[in-house]
Amino acid sequence: MAGGGEDVTGAARIPLNDYGVLGEPPAPGEWTPTLTVSVVIPAYRAERTLPLTLASLARQTYPAHLMEVVVVDDGERPMEPPPESPAVSSSGPLPERLRVVRPRGGAWGRASACAAGAEAAKGEVILYLDADLVLFPEHVEAQMRWHHLADYLVVLGHLRFVPGLDEVPASEVLAAVEAGAVPKLFAEEDATPQWTERRWDQTDDLRAAGFSAFSVMVGATASLPARLLRAAGGLDASLVLGEDTELGYRLAQAGAVFVPDRRSRCWHLGRSTVMRREPDVKRHNWPHLAERVPSFRWLRRHPHRTYLVPYVEVVVEVGDASFEEVRATVDAVLAGRLPDVRVTVVGPWGRLGGGRRDPLGDPSLDLRLVLACYQGEPRVRFREAVPDDCFPVPFRFHCPPGWVPSRGAIGSVVKHADRQRLGIVSLALDEREDGRVVHARLERTAAMSRARHCAGPGDDLGDLVHEMYGTVWDAGDKWGFLPAALAATTAPPVPGRAWTDAPGEAGTARALGGPRHQGRSGSRPLRRTARLLRRRLRALVRPA
């Protein structure tokens, strides 16, 4: 544990979501903070509750000189600006450093307000708060102590729902704030836990939540480094509900670890929208989340359609492969049982000029044919180089051209990576004469992002992924990957009559058993080749 402001940010290598490796954070009041924090409060029709939230912020134990409060006025009419020397207002105490900003013209909704607040914020950490919370004095400090231990944490506060101001006078709440008696304001047995608390209980406070930890991110009280928020792209202002869950997903892909803190307590005045209208909220949110959060597989049940964010990006580097080899690989991916894929075909497309050329003798003919073959396929895109990452797509699968996955192969490898909680799965396909192993490779975006963030000079990303997530090698044929030539002979027959250049010839051949007989005899050496290849590949990946 760091004390006295010692800078250890970025050093910790946290496996999966098990932040327990950081040790226990310092107890509130027994350490020296150094990080600045901007508390961002989106406010819409919060005239009654916002003063109570601000009053509780004015009584926080976190040093006032390290904390600013940015209220984002999302109402139809601008609210009154805070007094120039705020210490106390007519409605209660105010934080020392308080600003009120407005979203950009025409923007509205919580996501837009939070984005405007983050843009105006100056702190190293952003703490989002709802405008109907009454904070315990240690609320901000409890979250901030974690950010001094590692700089890729998302810390979640602990809230309980209590009666609203229609049942409890605001003056009584304010008096409790000023007297430092917020914890005694309501009895625990009268408060309703947030739905996320059950998930915390089931997963050792998310330490055992694995890849699903992001799904309990609720923006009512959550803090994160400003740099991490920018790396994830900020909030999606096109969403008016569910924006916190979607942001949590992208933060996970950026390598974040999610930490709930039960000492960061607060009361939520009144019931939430989810509590009051849960079926309506789900009906509204699920179509939006299905498009943007591929990890929610239960929202993507259609067998053939694509979505805004694919589940897997498949990278095929053309190199010196033929058109037929590239097409065999890409076609097999597109024909797979996993419809929400995107294929990135990498090659020197910029050299394909439009000048006069010999159509059949063009040295770039294969490249042109690949480009022509998929110009109308929306799931295929062309790039000059492999992009640095595929964020926010959760998986990237590198497949060499000329190798064909079976219909369920890629989906099975992804499921295996999820079940075993792996960051990289490498599949040995063949060995070249120079000893180089041809292989396919599945990479988890979250694992690669965290490895890049934690890497120091000379560190190997694969080694870091192995340390924090786990990696494995296996034989490709075990998962249904075959050379294109062999895959063509083992493919199931296509329904319909085969084309021939002589009418009636196909039927005659079938009657004589010609092609069927030839297929059986011709497949025997191919099967022998497959067995030999399988043995060789298993020998390559067998541990010493």
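Odds and ends about this structure:
- Taken over segment 163-181, the criterion of being under 14 Å from Thr49 (Cβ atoms) and in contact with a helix residue (DSSP H, G or I) (Cβ under 7 Å, 6 or more places away or on another chain) is satisfied by Ala170, Val173, Leu174, Val177.
- So Pro183, is it in contact (Cβ under 8 Å) with a residue 12 or more places away in the chain and in contact with a Phe, Trp or Tyr (Cβ under 7 Å, 6 or more places away or on another chain): yes
- Pair list, Cβ under 6 Å, 6 or more apart: segment 138-149 residue under 12 Å from Pro260 (Cα atoms), other residue of a type in the set (Lys, Arg): Ala142/Arg263
- Flag for Arg271 being under 25 Å from Gln60 (Cα atoms), over 20 Å from the mean Cα position of the chain (by Cα) and assigned to a loop (DSSP other than H, G, I, E, B): yes
- Breaking point among (1) closer than 25 Å to Ala484 by Cα; (2) buried (at least 20 other Cβ atoms within 10 Å of the Cβ), for Ser322: (2)
- Restricting Ala111, Ala179 to those that are under 36 Å from the mean Cα position of the chain (by Cα) and farther than 15 Å from Pro225 by Cα reduces the list to Ala111.
- Residue in segment 151-160 that is among the charged types (D, E, K, R) and surrounded by fewer than 14 Cβ atoms within 10 Å (Cβ to Cβ) present: no
- Residues being in contact with a Pro (Cβ under 7 Å, 6 or more places away or on another chain) and either part of a helix (DSSP H, G or I) or among the small types (Gly, Ala, Ser) (or both) - total across segment 94-116: 5
- The set of residues in segment 33-48 being assigned to a loop (DSSP other than H, G, I, E, B) and either over 19 Å from Val101 (Cβ atoms) or modelled with pLDDT of 95 or more (or both) consists of Pro33, Thr34, Leu35, Thr36, Arg48.
- Of all residue pairs spaced 6 or more apart or on separate chains, those with beta-carbon atoms under 6 Å, a first member in segment 241-260 that is in contact (Cβ under 8 Å) with a residue 40 or more places away in the chain and a second member that is hydroxyl-bearing (Ser, Thr, Tyr) are Gln253/Thr445; Ala254/Ser449; Gly255/Tyr152; Gly255/Ser449; Ala256/Tyr152; Val257/Tyr19; Val259/Tyr19.
The values are calculated or read from the model by the stated rules, or taken from the named source; none is laboratory data. All of these numbers come straight from a predicted model, not from anything done at the bench. Cβ sites come from the backbone with ideal geometry, for glycine too, and all protein chains shown count toward neighbours.
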